Structure formats: C-alpha cells, structure tokens
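The values are calculated or read from the model by the stated rules, or taken from the named source; none is laboratory data. What you see is a predicted model; the values in this text were computed from it and never measured. Cβ: placed from backbone, ideal geometry, glycine included. Neighbour counts: every protein chain shown. Note: areas computed on protein heavy atoms with side chains; ligands, DNA, RNA excluded. Shrake-Rupley method; radii C 1.70, N 1.55, O 1.52, S 1.80 Å.
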Amino acid sequence: MKVTKSKPSKTTKTKQKKREEIQYQFLIAVLVIGLIHYFFIESKYIGGDYRYDLFVFWIPVIVGFLLIVKFNILSIDWKDILTNIRKEKNIFHKIIYLPLLFLVHFMLAVMYFWIPANIIFDGINKIESNKNVIETYTLKVHEFHHSSGRSGSTLVRFIFKGEKEHIKVSYEDIKPYLDKNPNDFQISIEVKKGIWNYYILENWDIKELLEIKSP
C-alpha cells in the first residue's frame, strides 16, 4: 500500500516563510553589528587565555549548534535527506553531503552565538580595564612583518610575559623599519589589565636602541 505525504497547508507555509524571513533579518543584523564592532569598537588586545576559547567560543558555539539542529532553524527534512543519501549513486556526493550540512550549521552557530558572546566579552573587558591603571612595558622587537596581497598583514612581533605577541599596524607606520634589523629596536606599549590574561592596548611606540643609549 502506497502512503502519500500530506501537503503542508497554506497557513503552515505562510508561518514558515515568516519564520525564515525573521531568521534572515536577525542573521543580517548580527553580521552587521559584528562587523561594526570589529572595525570600529573592539579593543586591541595583547595576551590570551584558554578560558576565552572555552567560555566565549566553544561553549556558545556548541550550545548554538545543538539548538539550531534541535529547532531545525534551516527547516531541513532529515529523513528525506538520509533517504536521498542512501539512494545517491555518486560516492563523492554521499561522503561530502553530511559534512557540508555540519559545516553550514557550525557557521550559523558561530554567527548567531559567538559574535554576541565576543561583543559581551569585549564590553566586560573594557569595564574591568577602566578600573586599572596604565602599565608600561618596554620589549625587544622580534620582527617587523609585512606581507602583500588581499590577506597581507603588517605586524610588529615581540615577546610579552613569555609569550609571542604582535600588534597590527599600518604600512605607513612599519615602512621605515622593514629594511632594518629588528634587534636594534624596542617597542614600548601602554596597556590596561582586563579580565583573565588579556590586556587592552592603549598606545605603542617604537624606539631605536641607539636613541635609548645616547645621552
């Protein structure tokens, strides 16, 4: 006996369409807010801590991933997908389909949950750092780094509290030092202690050792 699936009613389709529109608008809003925060508001940090990875990234993203799957945010018919995978003759499609679905859900979890968690983390760090005085550190420059291309970056690398650190700078700031020996320079940084082992960078300056030694 052949069983036919009942078609969803017009009301159900309308509700689903409205839900998808709300989800899309919310996603766009999160992305826009995240980009504005990243480019214009987020503090420049030095330091790091495993607690950020655990409490700000992984826990929100994993919880978000489970919620997205549980409430079927993407409106996926899993039974239908699994049936189609079993019927699929192309081995590559069979292997790649589920990992691709996993990746899409993971990226959604990152956007929906990590971006807000990171903004909250930055806000708490600003509040905490404002309670503390500015600390000044003078450190040896490890490298003046410049790479071209779309993914290129200009960095000043150094050792801070036993760990490799760097700050992003403009090409104009680093250009005078690219053809010089970094061992001849020190970087002076002004920071405020935030939460965990994070420091908010307030100011920085590069000095040549000859200038420091001269009377």
Given a 1.4 Å probe, how much area per residue of the range 96-215 is accessible, in Å²?
62 Å²
Spin-label pair GLU128/VAL63, simplified geometry with 7 Å Cα→Cβ offset, distance in nm:
1.8 nm
Which value, in Å² and to the nearest 10, is the accessible area of ASP173 when all protein chains are kept and the probe is 1.4 Å?
70 Å²
Accessible-area value, VAL104, 1.4 Å probe, nucleic acids and ligands omitted, Å²
70 Å²
With the Cα gyration tensor of the range 77-194 giving a ≥ b ≥ c as the square roots of its eigenvalues, does the rule (a/c under 1.5 for rounded; else a/b larger than b/c for prolate; else oblate) give rounded, prolate or oblate?
oblate
Please report the carbon-and-sulfur percent of the accessible area for the range 1-130; probe 1.4 Å, protein heavy atoms only, DNA, RNA and ligands left out.
70 percent
Rg to Rh, two decimals, where the chain supplies the alpha carbon set and Rh follows Kirkwood
1.15
So for the pair VAL30, LYS44, with labels modelled 7 Å out along Cα→Cβ, what separation do we get in nm?
3.0 nm
Per DSSP H run of at least 4 residues, take -39500 (n - 2.57); add these up for the chain, divide by its residues and hand me the 222 nm value, nearest 500 deg cm²/dmol.
-13500 deg cm²/dmol
Would you mind checking LYS168/LYS192; LYS15/LYS79; LYS18/LYS79; LYS15/LYS94; LYS70/LYS193; LYS18/LYS89 for any pair whose Cα atoms are more than 28 angstrom apart?
LYS15/LYS94; LYS70/LYS193; LYS18/LYS89
Which angle between 0 and 90 degrees, to the nearest 10, do you get for helix 115-129 versus the longest principal axis of the chain when only C-alpha atoms count?
30 degrees
If you find the alpha carbon centre of the range 116-174 and of the range 43-78, how far apart are they in angstrom?
24 Å
For the range 1-138, with +1 on Lys and Arg beta carbons and -1 on Asp and Glu, the positive-most of PHE106, ILE59, GLN16 along the dipole:
GLN16
When averaged across all projection directions, what area in nm² does the alpha-carbon convex hull of the range 128-215 cover?
7.1 nm²
For the LEU74, ASP173 Cβ pair and Förster radius 45 Å, calculated FRET efficiency rounded to 0.05 is 0.50
Between LYS87 and LYS17, 0.36 nm times their residue separation minus their Cα-Cα distance comes to what?
22.3 nm
Let me know the whole percent of all Cα-Cα pairs from the range 20-124 that are separated by more than 15 Å.
71 percent
